[in-house]
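S.K.: Just dropping this structure here.
The values are calculated or read from the model by the stated rules, or taken from the named source; none is laboratory data. If you're wondering where the values come from, they're calculated on a predicted model, not measured in any experiment. Neighbour counts run over all protein chains shown; Cβ positions are idealised from the backbone, glycine included.
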Amino acid sequence: MKRFLSVLICIAYSACAGPEIIGDLPSGSDEPARTIYLASHGWHAGIVIRRDDIPNAVWPENRDFPDAEFLEVGWGDSDFYQTPDPHLGITIKAALVPTSSVLHIVGFSGSISAYFPDSEIIEIKLTESGFERLCRYIAASYAKDPAGNSVPLGAGLYGSSRFYLSGETYHLFKTCNVWTARALRSAGCPVTPAGTITVDNLMSRVRTFGKVIQPKPTRPDPGTD
């Protein structure tokens, strides 16, 4: 019963706590803008940001990757995300029980398409104020120790990457894709988090206002040679 009530509380919080500023995208080519990217990895999508664009005072943890041109940000269930090959028990727990969560930050340089050759990539233009709100949303997701510092948890899944403890709760109605949709909504993007539980839902919505720079890869038909 306690777990059931916890889920209901989390759902209610998710429904009412979304940022209020939406539809705040650049209105023309002359308006100053910041460019970010959304890269789909099959079951979740990562937000890719040029590191030099990030205000240090807003998101100081970006300095943990001093040599990186870009940072990719993901969020998800703590056990599931940190297990390279999660078993069924972890998968079910992540779906049904409110759990702790982590941020996954990847630092890299060069072409985004070359770094993620098997991912659909969408370019998104944000206003200056929208970009700062996005950075604040990401920064607010870090859990802090008593001294006010973020809590690193070790190496990430690929490349130069790290996991960090997040202060948010993962549950069935706040998946990694819902978290990403809320991040984009905080930046002014017209995204409804409740309709983006899966990565396909999320990418489909973002295509309506972003520019696809690398299409979703086509998978060969297993029934053909």
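S.K.: If we scan the range 51-66, do we find a residue that is part of a strand (DSSP E or B) and crowded, with 16+ Cβ neighbours inside 10 Å? Explain how you work it out, then say what you get.
M.R.: So in the range 51-66, the residues part of a strand (DSSP E or B) come out as none.
No, that holds for no residue.
S.K.: Taking the stated definitions as given, is L103 part of a strand (DSSP E or B), more than 15 Å from the chain's Cα centre (by Cα) and hydrophobic (A, V, I, L, M, F, W, C)?
M.R.: Values: part of a strand (DSSP E or B): yes; more than 15 Å from the chain's Cα centre (by Cα): no; hydrophobic (A, V, I, L, M, F, W, C): yes.
The answer is no for L103.
S.K.: Can you name the number of the only condition in (1) part of a helix (DSSP H, G or I); (2) surrounded by fewer than 18 Cβ atoms within 10 Å (Cβ to Cβ) that R185 fails?
M.R.: R185 satisfies every listed condition except (2).
S.K.: Quick one: which of V151, V106 is crowded, with 18+ Cβ neighbours inside 10 Å, at pLDDT 95 or above and β-branched (V, I, T)? First the steps, then the outcome.
M.R.: Values: V151 fails: crowded, with 18+ Cβ neighbours inside 10 Å.
Unique residue meeting the criteria: V106.
S.K.: Okay, moving on. For A183, are the conditions met, namely being closer than 15 Å to I47 by Cβ, within 12 Å of the chain's Cα centre (by Cα) and modelled with pLDDT of 95 or more?
M.R.: Numbers: closer than 15 Å to I47 by Cβ: yes; within 12 Å of the chain's Cα centre (by Cα): yes; modelled with pLDDT of 95 or more: yes.
In short, yes.
S.K.: If you don't mind, another one. Only residues that are more than 21 Å from S111 (Cβ to Cβ) and either surrounded by 23 or more Cβ atoms within 10 Å (Cβ to Cβ) or more than 18 Å from the chain's Cα centre (by Cα) (or both): list them for the range 67-78, please. Steps first, please.
M.R.: First pass over the range 67-78, keeping only residues more than 21 Å from S111 (Cβ to Cβ): 75-78.
Selection gives W75, G76, D77.
S.K.: Of all residues in the range 124-151, count the ones that are free of Cβ contacts under 8 Å to residues at least 60 places away in the same chain and under 15 Å from H104 (Cα atoms). Don't jump to the end; show me each part of the working.
M.R.: Narrowing the range 124-151 to residues free of Cβ contacts under 8 Å to residues at least 60 places away in the same chain: 140, 143-149, 151.
From what's left, under 15 Å from H104 (Cα atoms): 140, 143, 151.
Here the count works out to 3.
S.K.: Now for a separate question. Have a look at V178, V191 and point out the one that is surrounded by 20 or more Cβ atoms within 10 Å (Cβ to Cβ) and assigned to a loop (DSSP other than H, G, I, E, B).
M.R.: Result: V191 is the single residue among V178, V191 that is surrounded by 20 or more Cβ atoms within 10 Å (Cβ to Cβ) and assigned to a loop (DSSP other than H, G, I, E, B).
S.K.: Now for a separate question. Among (1) within 20 Å of R63 (Cβ to Cβ); (2) without any contact (Cβ under 8 Å) to a residue 60 or more places away in the chain; (3) in contact with a helix residue (DSSP H, G or I) (Cβ under 8 Å, 6 or more places away or on another chain), which single condition is A181 missing?
M.R.: (1)
S.K.: Go through the range 130-165 and give me each residue that's within 18 Å of E69 (Cα to Cα) and assigned to a strand (DSSP E or B).
M.R.: S160, S161, R162 - these are the residues of the range 130-165 that are within 18 Å of E69 (Cα to Cα) and assigned to a strand (DSSP E or B).
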